[in-house]
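J.: Handing you a structure now.
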Amino acid sequence: MRKLLVSLMLVSATALAAGTATAQQQDFSKVQIKATKVSGNIYMLEGAGGNIAASIGEDGIVIVDDQFAPLADKIQASLKGLGITDKPVRFVINTHYHGDHTGGNAPFSTSGSTVIAQDNVRKRLEAGGTAGNGGSIHMENKPAEKATLPIITFEHDVTVHLNGEDIRALHFPAGHTDGDSIIFFPKNNVVHMGDDFVRYGFPFIDVSSGGSVQGMISAMEKATAQLPADVKVIPGHGALSNLEDVREFTKMLRETSAVVQKALDQHKTLDQMKQEKILDPWKKWSGDFVNTDAFIETLYNSLTGTKGEFMKHN
């Protein structure tokens with residue numbers, strides 16, 4: 001399972017790095033969409049890219065994120081295959097702008113879905129530009145086609161009233177990116193965290209797109225304060241989780257950023273921090289996508305307010 005998750009994350013990173021065109025060149029033919037009932041009429045769909053949350057009922061379907069364009073038909077088939085409704089996907093809510101979460105916007109939009117996202121999601125999709133941690137992770141995004149752009153945008157929050165649920169998208173600024181939303185399904189006691197909470201290890205924080213470790217910590221602390229203890233948590237990537245998983249993740253963010261801040265206060269350079277392996281106590285979080293050195297860069301650039309010098313990520 002870990003090897004599969006890593007491979008899907010690398011596919012996501014590759015597609016994000018080169019935009020939708022490259023995503024369409026990937027071989028998605030073998031990707032299977034797995035649907036898991038989370039609670040009530042809320043399901044989690046896994047395939048390639050970010051996890052999807054789906055509210056399915058008599059009013060139609062709302063999905064949170066939509067992975068990659070070539071998977072849109074498979075996602076639609078998976079939703080229909082649940083046998084709950086033949087009604088269409090009426091709304092797509094994007095948690096942020098990255099292509100492994102918004103790649104399906106165009107096919108869903110052209111088939112009649114309305115795409116909703118925070119203001120900065122539309123702006124970044126429309127403009128294209130650099131994504132990265134200010135160091136070794138560096139990705140270029142081409143401007144998105146018109147059909148990919150959200151039709152409805154919001155500054156702080158928006159609520160979709162469908163299937164007897166008040167589905168609330170709430171903006172948490174400057175975490176994973178500057179356009180993050182966490183999606184609450186209060187009736188069903190479910191939350192979709194987007195990439196502010198992931199299960200693949202050290203997170204990718206898109207410093208180049210307005211993200212920061214401080215914002216990610218704040219988002220997790222504020223979100224968890226609003227949630228009941230038994231809430232079911234859908235992460236941006238990885239297995240269905242609970243509040244304790246989120247707290248462990250947040251604790252790691254606080255501790256690692258404090259260690260890097262202490263090194264900064266001691267006037268240590270980025271290279272010194274890497275050479276001294278200051279994050280070695282958290283090495284279990286090091287992954288194939290974001291390893292320890294890359295996360296030191298991320299924290300360094302977040303805490304100093306700089307984007308650093310870019311290097312190509314091989």
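J.: Given a cut-off of under 8 Å on Cα pairs at least six residues apart, what relative contact order in percent is computed for the chain?
T.: Relative contact order of the chain: 16 percent.
J.: While we're looking at this one, here's another question. For an R0 of 22 angstrom, estimate the FRET efficiency from the Cβ-Cβ distance between residue 147 and residue 26 and round to the nearest 0.05.
T.: My answer for the efficiency is 0.65.
J.: I would also like to ask the following. Among 37/187; 34/187; 37/232; 34/80; 123/146, which pairs are too far apart, with a Cα-Cα distance over 18 Å?
T.: Listed pairs above 18 Å: 34/187.
J.: What distance in nm lies between label points placed 7 Å from Cα along the C-beta direction at residue 221 and residue 262?
T.: A separation of 1.8 nm, rounded to one decimal place.
J.: I've got another one for you. Largest first, how would 155, 255 line up by accessible area (1.4 Å probe)?
T.: Largest to smallest exposure gives the sequence 155, 255.
J.: Turning to a different aspect of this structure: Report ³J(HN,Hα) in whole Hz for each residue of the range 183-194, in order, from the Karplus equation J = 6.51 cos²θ - 1.76 cosθ + 1.60 where θ = phi - 60°; Gly and Pro get x.
T.: For the range 183-194, the Karplus-derived couplings read 10, 9, 10, x, 4, 9, 6, 10, 9, 9, 8, x Hz, x marking Gly and Pro.
J.: Measure off, as a whole percent, the carbon and sulfur share of the 1.4 Å-probe accessible area of the range 197-302, all protein chains present.
T.: 47
J.: Using Cα atoms only, what is the angle between the long axis of helix 72-81 and the major principal axis of the chain, expressed in degrees (0 to 90) to the nearest 10?
T.: Taking the Cα atoms of the chain, the angle to 72-81 is about 60 degrees.
J.: Solvent-accessible area of residue 140, probe 1.4 Å, all protein chains present, reported in Å² to the nearest ten, please.
T.: 80
J.: Tilt of helix 243-265 relative to the longest C-alpha principal axis of the chain, in degrees (0 to 90, nearest 10)?
T.: 30
J.: Given +1 on the Cβ of Lys and Arg, -1 on the Cβ of Asp and Glu, and no further charges, what dipole in debye does the chain carry about its Cα centre, rounded to the nearest 20?
T.: 460
J.: Pairs of Cα atoms under 8 Å, at least six residues apart: use those to get the relative contact order of the range 21-126, whole percent.
T.: 22
J.: If you take the square roots of the eigenvalues of the alpha-carbon gyration tensor of the range 199-304 and sort them as a ≥ b ≥ c, do you get rounded (a/c under 1.5), prolate (a/b over b/c) or oblate?
T.: Taking the square roots of the gyration eigenvalues as a ≥ b ≥ c, the range 199-304 is prolate.
J.: Just to check I understand the Karplus step: with θ = phi - 60° and J = 6.51 cos²θ - 1.76 cosθ + 1.60, what whole-Hz values come out for the range 231-239, glycine and proline as x?
T.: 4, 9, 10, 9, x, x, 9, x, 6
J.: Let me ask something else. Going by accessible area, probe 1.4 Å, with all protein chains left in place, what is the ranking of 161, 138, largest first?
T.: 161, 138
J.: Tell me the Kirkwood hydrodynamic radius of the chain in angstroms, computed as one over the mean inverse distance between distinct C-alpha pairs.
T.: It is 19.3 Å.
J.: Could you check what % of the DSSP bridge pairs in the chain are antiparallel, to the nearest 5?
T.: 70
J.: Would you mind getting me the FRET efficiency between residue 189 and residue 73? Use the beta-carbon distance for r and R0 = 30 Å, nearest 0.05.
T.: That pair, residue 189 with residue 73, gives E of 0.45.
J.: Please give the residues of the range 94-134, grouped as numeric ranges, whose backbone N is less than 17 Å from a label point set 7 Å along the Cα-to-Cβ vector of residue 156.
T.: 118-120
The values are calculated or read from the model by the stated rules, or taken from the named source; none is laboratory data. Everything quoted here is computed from the prediction, not taken from an experiment. Note: ideal-geometry Cβ built from the backbone for every residue, glycine included; neighbour counts use all protein chains shown. In case anyone asks, the SASA skips ligands and DNA or RNA and just uses the protein heavy atoms, side chains included. Shrake-Rupley method; radii C 1.70, N 1.55, O 1.52, S 1.80 Å.
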